[in-house]
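Data first, discussion second: the structure below is written as structure tokens.
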Amino acid sequence: VNPAPTRDIEGKGPRILSFLGPTGVGKTTTLAKIAGSEKIAHPDIKIGMITLDTFRIAAVQQLQEYAKIINVPLKVVNDKEQLSNTLKEFQNKDLILIDSAGRSQRDEVQMGELRSILKDFKQISNLLVLSATTKDNDLVEVTKRFSRVPLDGIVFTKLDESTSYGSIFNHAIRFKLPLTYLTTGQNVPDDIENASRDRLIDLL
């Protein structure tokens, strides 16, 4: 996955990234960091935000505040049909960012619901958000379960809370999924960076 928010190579639509993962890994904050940093780097960029997280009112309110600060529209959707309609509405955007509710990888019903909403939207790049503080065995289980969606890349968060980064490399090698972003703190929009080759070498 190329995280740069450019329109597709044929110029037919926006770059669309969705953020999936278990609870507490920082999906909503990561989305806000990307939106904010891209707005700073490219003031003319047209961004749209969508949230599928209707389970937690606080999460929707948090994203609404971020959207207001950076002056981008936010839509709350509940199902595949609403998502399809909103993506059509956002066709003039350069970048669309989709937040989702935290899901337990062991809850088959929740995982099935997530897959049913996203599986037919081939234009969406689904990024799995994982915490660098999570045990290696748990990372494997989470990724295997979420791979049903399917996945296009991985974001690792909370590098500032970890002293060992071996699991990041093990994971990339094991699942052959590209690393896209790394986050290193709670500050929005500062504590995020592209997972560049040089940065990964530094971590290693």
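The values are calculated or read from the model by the stated rules, or taken from the named source; none is laboratory data. A quick note: this is a predicted structure, and the numbers were derived from the prediction, not measured. Counting neighbours? That spans all protein chains shown, and the Cβs are built from the backbone with ideal geometry, glycine included. Accessible surface areas use protein heavy atoms only, side chains included; no ligands, DNA or RNA. Shrake-Rupley method; radii C 1.70, N 1.55, O 1.52, S 1.80 Å.
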Fill in the blank from the handout: Taking only Cα atoms of region 15-98, the Rg to Rh ratio with Kirkwood Rh works out at 0.93
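Can you flag which of Lys122/Lys144; Lys68/Lys122; Lys27/Lys75; Lys33/Lys93; Lys46/Lys176; Lys33/Lys135 are past 27 Å Cα-Cα? Please list the in-between numbers first.
Details: Lys122/Lys144 20 Å; Lys68/Lys122 29 Å; Lys27/Lys75 17 Å; Lys33/Lys93 18 Å; Lys46/Lys176 31 Å; Lys33/Lys135 25 Å.
Over 27 Å apart, Cα to Cα: Lys68/Lys122; Lys46/Lys176.
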Problem - Per-residue ³J(HN,Hα) for region 176-193, Karplus 6.51 cos²θ - 1.76 cosθ + 1.60, θ = phi - 60°, Hz, x for Gly and Pro - result: 6, 9, x, 7, 10, 10, 10, 10, 10, x, 8, 5, 9, x, 6, 8, 8, 8
Completion exercise
So, with points 7 Å from each Cα along the Cβ direction, the Phe169-Thr23 label distance in nm works out to 3.4 nm
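In µm²/s, what is D for region 143-203 at 25 °C and 0.890 mPa s, where D = kT/(6 pi eta Rh) by Stokes-Einstein and Rh is the Kirkwood radius from Cα pairs? Intermediate results must be reported in sequence, preceding the final value.
Numbers: Rh = 12.4 Å.
In µm²/s, the coefficient rounds to 198.
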Handout entry: Efficiency of FRET from Cβ geometry, Ile40 and Arg148, R₀ 45 Å, rounded to 0.05
Key = 0.80
Exercise for the section: Pop a pseudo-label 7 angstrom from the Cα along the beta-carbon direction at both Ile201 and Val76 and give the gap in nm to one decimal. Expected result: 4.7 nm
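Express in nm, to one decimal, how much length is gained between Glu89 and Asn194 on full extension, taking 0.36 nm for each residue of separation and deducting their alpha carbon distance. Numbers along the way, then the final one.
Working: separation 105, 0.36 × 105 = 37.80 nm, distance 2.84 nm.
Full extension of this stretch gives 35.0 nm more.
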Handout entry: Burial ranking of peptide ranges 65-76, 148-159, 128-139, 191-202 (average Cβ count within 10 Å, highest at the top)
Key = 148-159, 128-139, 65-76, 191-202
Handout entry: Sum of -39500 (n - 2.57) over DSSP H runs of 4+, divided by residues of the chain (222 nm, nearest 500)
Key = -11500 deg cm²/dmol
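If you average the sequence gap of Cα pairs under 8 Å that are 6 or more apart and divide by the length of the chain, what percent do you get for the contact order? Intermediate results must be reported in sequence, preceding the final value.
Numbers: 361 pairs, mean separation 54.4, N = 204.
Over the chain, the number comes to 27 percent.
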Practice task
Might you tell me the accessible area per residue for region 89-204, computed with a 1.4 Å probe and given in Å²?
Solution key: 48 Å²
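The chain: D in µm²/s via Stokes-Einstein (Kirkwood Rh, Cα pairs, 20 °C, 1.002 mPa s)? Please list the in-between numbers first.
Numbers: Rh = 17.0 Å.
Taking Rh from Cα pairs, D becomes 126 µm²/s.
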Problem - Alpha-carbon centroids, region 187-204 and region 107-179: separation in whole Å - result: 17 Å
